[in-house]
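Below is one structure, written out as structure tokens; comments come after it.
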Amino acid sequence: MTQEKTSFVYVTYIVSTPEKVFEAITKPELARRYWGHENVSDWKPGSKWEHVQANDERAVRIVGKVVETAPPRRLVITWADPSEAANPDSYSRVTFDVEEYDDMVRLTVTHDELEAGSGMAKGISKGWPIVLSSLKSFLETGRPIDVFAKQKSA
């Protein structure tokens, strides 16, 4: 019996260029500033990528592979908890579509192939909106949102 799958789609408009948006997603030193994590890979199809916490721990929080890359328009990666990396069924997929829209960019993030009701599905439905809002703020104003503020105050 197969698990029911779900997906999450988030669209945001950013006053920026496709190149800057793509770089902010794929360059560790930029992702660290608005996400608190670094996305580490050579970004070639088939290569591994890691989502590494950008603090003294340097813990790997998410792992996956690069499925497709077409800078600066599209990036597709797989996504799994490192503790479940050996299980092919544990992987979901994230697609970043970056499109010019007038004098800005329409960024569509689709996270699909998620196990419905899983902790991962619940986590990403809360996580993506604040991370992408922080990306938007960072690219438009130079000031990201503190994506961990709620956890710090809890």
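Quick look at the values:
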read-out: Any pair with Cβ under 6 angstrom, 6 or more apart, that starts in the stretch 121-142 at a residue that is farther than 24 Å from Thr17 by Cα and ends at one that is among the polar types (S, T, N, Q); value: Ala121/Thr6
read-out: Candidates Val109, Val63, Val94, Val131, filtered to the one that is at pLDDT 95 or above and touching a Lys or Arg at 6+ places or on another chain (Cβ under 9 Å); value: Val63
read-out: Residue that is part of a helix (DSSP H, G or I) and of a type in the set (Asp, Glu), where the choices are Asp97, Asp112, Asp89, Asp42; value: Asp89
read-out: Selected residue [free of Cβ contacts under 8 Å to residues at least 60 places away in the same chain and either closer than 15 Å to Ala31 by Cα or small (Gly, Ala, Ser) (or both)] from Ala80, Ala116; value: Ala80
read-out: Residues of the stretch 83-98 satisfying the condition of being closer than 19 Å to Val131 by Cα and touching a residue at least 40 places away in the same chain (Cβ under 8 Å); value: Phe96, Val98
read-out: Qualifying residue in the stretch 4-12 (condition: among the acidic types (Asp, Glu) and part of a loop (DSSP other than H, G, I, E, B)); value: yes
read-out: Qualifying residues in the stretch 40-76 (those that are closer than 20 Å to Thr17 by Cα and among the basic types (Lys, Arg)) - the one farthest from the chain's Cα centre (by Cα); value: Arg73
read-out: Selection count, the stretch 14-39, where residues are over 14 Å from the mean Cα position of the chain (by Cα) and outside any helix (DSSP H, G or I); value: 4
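The values are calculated or read from the model by the stated rules, or taken from the named source; none is laboratory data. Not measured: the values here are computed from a predicted model. As a convention, Cβ positions derive from the backbone with ideal geometry for all residues, glycine included, and neighbour counts pool all protein chains shown.
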